[in-house]
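S.K.: First the structure, then my questions, so here it is.
The values are calculated or read from the model by the stated rules, or taken from the named source; none is laboratory data. Worth saying up front: this structure is predicted, and the values here are computed from it rather than measured. Cβ: placed from backbone, ideal geometry, glycine included. Neighbour counts: every protein chain shown.
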Amino acid sequence: MRHGTKARRAAGCALAALALTVSLTACGSGEDGAKDDGASSSAPSGDKSNDDDNGGGDTVPDTSQTLATINGNDGIQLVVHTAVRDQDGFLTVTGTLKNTTGERVGAPISWNGDESQVRRTGRSLAGLTLVDKKEKKRYYVLRDTEGYPLTTTGISSLKANENIGVFAQFPAPPEGTTQVDILLPAMPAATIEIS
C-alpha cells in the first residue's frame, strides 16, 4: 500500500512538472526574448486591409529627397521620394500621400486596380503603374503567392492635412532604363529617376 502511494505521488509530480513546462513554453516570448505584442508570426496574411484603418500609416519612406510631386484634382498629392532597384530584380518606390485640404478626402476606388484578384484583396495602391517609354513596357505592382499586392494597403480616405507613407514594389526595368513614368489612377503622370 505504501509503495502504491509513493508511485501515485511520483506520477503526480511528473505530470505537474510536465504541465508547468508546457505552460511556460506557451507563455514565453518570441526568439531571443523578443517582446510578444499579441501579433502572431503565423497569422494568415488574408486580412491585409481594413477600410476603417490606414494600413499604410506605418510605412516610413526616406523623405530626404523628392523625385516628383503629383497633384490630384481633389487635393490629394503624391510625393515620390525614392525608386530603388535592388539586386534581386525588383524596383521599390516610396513616397508620401498628402491631403492638402482641410477636410477628409476619400481615396479613389481606381487606386485598387482593375484585376479581379486585386479587387478581392481590399483597398490598396495596386493600380499604381510604371511606364518605360524607352522599352515600351508597362510595369504593374507585384503580387505575393496569395495574390495580395506588394504595396501599401488599407487607405480608404485621408483625414484633413494627413500624410501617409506609401510604397509599391515592381519588377525592375532593364539596367539601361534610368527613367520611368509613374501613374496613380485619377492623377497625372510624372517622370522619376531610378537609382
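S.K.: Tally time: how many residues in the range 163-182 are under 18 Å from GLY75 (Cα atoms) and surrounded by 18 or more Cβ atoms within 10 Å (Cβ to Cβ)?
M.R.: Within the range 163-182, the first condition is being under 18 Å from GLY75 (Cα atoms), and the residues that meet it are 163-166.
From what's left, surrounded by 18 or more Cβ atoms within 10 Å (Cβ to Cβ): 164-166.
Residues meeting the conditions: 3.
S.K.: Among the residues that make up the range 98-117, is at least one of them touching a helix residue (DSSP H, G or I) at 6+ places or on another chain (Cβ under 8 Å) and more than 17 Å from THR191 (Cα to Cα)? Walk me through it before giving the result.
M.R.: So the first thing to find is which residues in the range 98-117 are touching a helix residue (DSSP H, G or I) at 6+ places or on another chain (Cβ under 8 Å), and the list is 112-113.
Okay, now just the ones that are also more than 17 Å from THR191 (Cα to Cα), so 112-113.
Yes, because at least one residue in the range 98-117 is touching a helix residue (DSSP H, G or I) at 6+ places or on another chain (Cβ under 8 Å) and more than 17 Å from THR191 (Cα to Cα).
S.K.: Can you tell me which residue in the range 48-71 is nearest to LYS159 (Cα to Cα), limited to those that are surrounded by 13 or more Cβ atoms within 10 Å (Cβ to Cβ) and modelled with pLDDT of 50 or more?
M.R.: Only one residue fits best here, namely ASN71.
S.K.: I'm trying to understand the selection: among the residues of the range 102-153, which are of a type in the set (A, V, I, L, M), part of a loop (DSSP other than H, G, I, E, B) and touching a residue at least 24 places away in the same chain (Cβ under 8 Å)? Even if it seems obvious, please write down each step before you answer.
M.R.: Restricting attention to the range 102-153, the residues satisfying the condition of being of a type in the set (A, V, I, L, M) are 105, 107, 109, 118, 125-126, 128, 130-131, 141-142, 150.
Now restrict to residues that are part of a loop (DSSP other than H, G, I, E, B): 107, 125-126, 128, 141-142, 150.
Selection gives ALA107, LEU125, ALA126, LEU128, VAL141, LEU142.
S.K.: Mind checking which residues of the range 156-195 are over 20 Å from GLY102 (Cα atoms) and among the acidic types (Asp, Glu)?
M.R.: GLU175, ASP181, GLU193
S.K.: Also, quick follow-up: For residues that are modelled with pLDDT of 90 or more, crowded, with 19+ Cβ neighbours inside 10 Å and under 21 Å from GLY147 (Cβ atoms), scanning just the range 72-114, find the one that is farthest from the chain's Cα centre (by Cα).
M.R.: Top of the filtered list is ALA107.
S.K.: Still on this structure: Kindly evaluate ALA160 against the criterion of being in contact with a strand residue (DSSP E or B) (Cβ under 9 Å, 6 or more places away or on another chain), closer than 21 Å to ALA186 by Cβ and modelled with pLDDT under 95. Give the steps one after another, and end with the answer.
M.R.: Values: in contact with a strand residue (DSSP E or B) (Cβ under 9 Å, 6 or more places away or on another chain): yes; closer than 21 Å to ALA186 by Cβ: yes; modelled with pLDDT under 95: yes.
Here the answer is yes, as ALA160 does meet what is asked.
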